Every structure is written in C-alpha cells, then in structure tokens.
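**Student:** Dropping the structure in here first, questions after.
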Amino acid sequence: MSNKPVIVVAIDGPAASGKSTVARQTAQALGWLYVDSGALYRGLTWKALRENVETTKPADVVALVPRLQWEFFDDARAIRFTIDGEDPGQQLRSELVREAVSDIAAVPEVRLFIVAELRKMTAFGSLVMEGRDIGSVVFPDTPFKFYLDANPVERARRRAAELAQVEGRGDVQQVLSSLTRRDQKDSGRKTAPLQIPLGARVIDSTQMPIADVVALILGELRQAGAAP
Ligand code: DC
C-alpha cells in the first residue's frame, strides 16, 4: 500500500435521501472505495432471520454476533462481504430484512461490533461511506462530512420508483408510511440516533439533481486539496 493519507468522506442522512447514489458516484469519480454501512446491519439481519433468531430480542441477536465469520472484499471498488462463507447478495434488500433491520440496528452491542468493522475499512484506502452515524460516531474526525436530506414525500416517491423497478410495484403512500416508521426508529433510538453530525454540511436534495450534489462534494474535496 502507498503512503498517501487515507481520506474518509462521510455521507449521512435518512432513508431514500439519495445518499447511496451520491456516495457511489462520488467514490466512482475519485476511484475510491464505496462503503454502504447499512448493508452490514442488513447482513446481520439477514443472517439472524436465516438462523431463526428472534430479531426483536436483543439478547438473542447479541448472542449470534460472535458466532459469525465475516469476510470483506473490494469488488470493483465497492465493499462486499460474506457471512460464514455466504454472499447475501440481493437478499439484503428483501422486505423481511427491510422490516427487521431497524430493531437490529438499535442494539448497542451490534453497533459496537459494526462500527469497529467499518473503521477497519480504511485498510482498503480512501473511501466514501454512507450511513446514519458515519460523521457522528464512525469517523467523527474526518473534515469531510455531509448530511443529505430531502422532504419525505420526495423520498417516498424516489424509493417507490426504485421498488417498481426491482419488485414490479411501488406504492408511494405505502412507502411513505414505511419510511416514516423507519425514520422514527432510526432517529428515536438511544444509541447513535440519526442526527446531523457536528460540522457536517447539510444538503437538501429535494430539488437538486444528483449530479449537482456530487459536484458540490467533489468541489469541497478539491478546494481542500484532498482530491485531484
Ligand atoms: O441505509 P439502509 O436503509 O440500508 O439502512 C438499513 C438500516 O440500518 C436502517 O434501519 C438504518 C440502519 N443504519 C444505521 O443505523 N447506521 C448506519 N450507519 C447505517 C444504517
């Protein structure tokens, strides 16, 4: 590995705020690693469901964590992982996982474990990481923190359009109530709730094209001499 300093770009925000697309495209533009931190919470949820662990019982979930063998690898500049040798793939996006993941992400011991794994990812080099607590908890010292938001109806509209592509149906009202429920759980939990990290630049993407958000982030990095 080279001696170049490792730079972390933290992108936080609520579900369907556009942060995944922004983070992926920013990482791509820089040739840096893209890390979707929510995928780790989803991965653990997927595994818990497979092992018939009661996902609403924190003690059962906590007992599962040390039994699992995770492996992380760089797949075309995005983090992928296996758990006990199995790649969860698209099952991370299933409805069952989607509905159970907030309960798992609220367990403090789970967060300790996943935060430690996320911090190790700088071993792969500079990265763009998206999530809910990246600028506040995982990498609080990075100077590059962004908080992406958009109004709930716009977020529901975007997510419904995504679902329509993947699942063939996407009802905006239904998505809106599911998003609102998840926002409340993510913002209301005791450990590392969704919040605007100290020093983060807030970007409202309700009316802003993704390309402009990416350009704004790249502009900040360039201005600071962190990106070419
Ligand atoms: O971004 P996502 O929808 O894949 O996130 C899945 C869940 O994990 C969601 O309930 C929020 C939670 N999460 C979290 O608590 N902290 C993160 N850094 C990323 C996701």
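**Student:** Based only on Cα atoms, what mean projected area does the convex hull of the range 88-135 have, in nm²? Show your work: numbers first, answer last.
**Tutor:** Values: hull surface 16.8 nm².
Projected area, direction-averaged: 4.2 nm².
**Student:** Here is a further query. Residues with beta-carbon under 9 Å from that of V61, excluding V61: net charge, scoring Lys, Arg +1 and Asp, Glu -1? Show your work: numbers first, answer last.
**Tutor:** Details: positive: K57; negative: E54, D60, D103, E109.
Net charge in that neighbourhood comes out at -3.
**Student:** Shifting gears a bit: May I ask which of K4/K145; K120/K145; K57/K190; K47/K145; K57/K120; K47/K185 have a Cα-Cα span longer than 23 Å here? Please list the in-between numbers first.
**Tutor:** Working: K4/K145 20 Å; K120/K145 19 Å; K57/K190 16 Å; K47/K145 31 Å; K57/K120 28 Å; K47/K185 21 Å.
Going by Cα-Cα distance, K47/K145; K57/K120 fall outside the 23 Å limit.
**Student:** Computed over the Cα atoms, what is the radius of gyration of the range 1-99 divided by 2.2 N^0.38 Å, N being its residue count?
**Tutor:** Details: Rg = 15.4 Å, N = 99, 2.2 N^0.38 = 12.6 Å.
Against the compact-globule rule of thumb, the ratio is 1.22.
**Student:** If Lys and Arg each add +1 and Asp and Glu each add -1, what is the summed charge of the other residues whose beta carbon sits under 10 Å from the beta carbon of P88? Can you show the working numbers first?
**Tutor:** Numbers: positive: R42, K47, R50, R80, R93; negative: E86, D87.
Neighbourhood net charge equals +3.
**Student:** Counting only Cα atoms, I'd like the Rg/Rh figure for the range 114-228, Kirkwood definition for Rh.
**Tutor:** On the Cα set of the range 114-228, Rg over Rh gives 1.00.
**Student:** When only DSSP loop residues count, what trypsin sites (Lys or Arg not before Pro) in the range 151-201 have their Cβ near at most 10 other Cβ atoms within 10 Å?
**Tutor:** Sparse-neighbourhood loop trypsin sites (Lys or Arg not before Pro): R169, K190.
**Student:** What does a probe at R98 reach in the range 113-135, counting residues whose amide N is under 19 Å from the point 7 Å along Cα→Cβ?
**Tutor:** Hits in the range 113-135 for R98 at 19 Å: 131-132.
**Student:** For L148, list long-range residues whose amide hydrogen, built 1.01 Å from N in the peptide plane, is under 5 Å from its own amide hydrogen.
**Tutor:** The list, which skips near neighbours in sequence, is D12, G13, I203.
**Student:** Let me ask something else. Would you please put 20-29, 89-98 in order of how densely packed they are, using the mean number of other Cβ atoms within 10 angstrom per residue and starting with the highest?
**Tutor:** Working: 20-29: 20.9, 89-98: 14.4.
For the peptides 20-29, 89-98, the packing ranking is 20-29, 89-98.
**Student:** Work out the P(r) tail for the chain: percent of alpha carbon pairs separated by more than 26 Å, whole number.
**Tutor:** Numbers: 9124 of 25878 pairs.
Result: 35 percent of Cα pairs exceed 26 Å.
**Student:** A further question on this structure: Using only helices, what value at 222 nm comes out for the chain when you add -39,500 (n - 2.57) per DSSP H run of length 4 or more and divide by the total residues, to the nearest 500 deg cm²/dmol? Before the final figure, lay out the partial values.
**Tutor:** Working: 8 runs with 103 residues, N = 228.
Calculated mean residue ellipticity at 222 nm is -14500 deg cm²/dmol.
**Student:** Okay, next question. Each label point is 7 Å from the Cα along the Cα-to-Cβ direction; what then is the distance between the points at R50 and R157, in nm?
**Tutor:** Label-label distance for R50 and R157, simple model: 3.8 nm.
We did not get these values from a lab; they are worked out from the coordinates using the rules stated. Keep in mind the model is a prediction, meaning the values are calculated, not measured. Every residue, glycine as well, gets a Cβ built from its backbone with ideal geometry; the counts of neighbours run over all protein chains shown.
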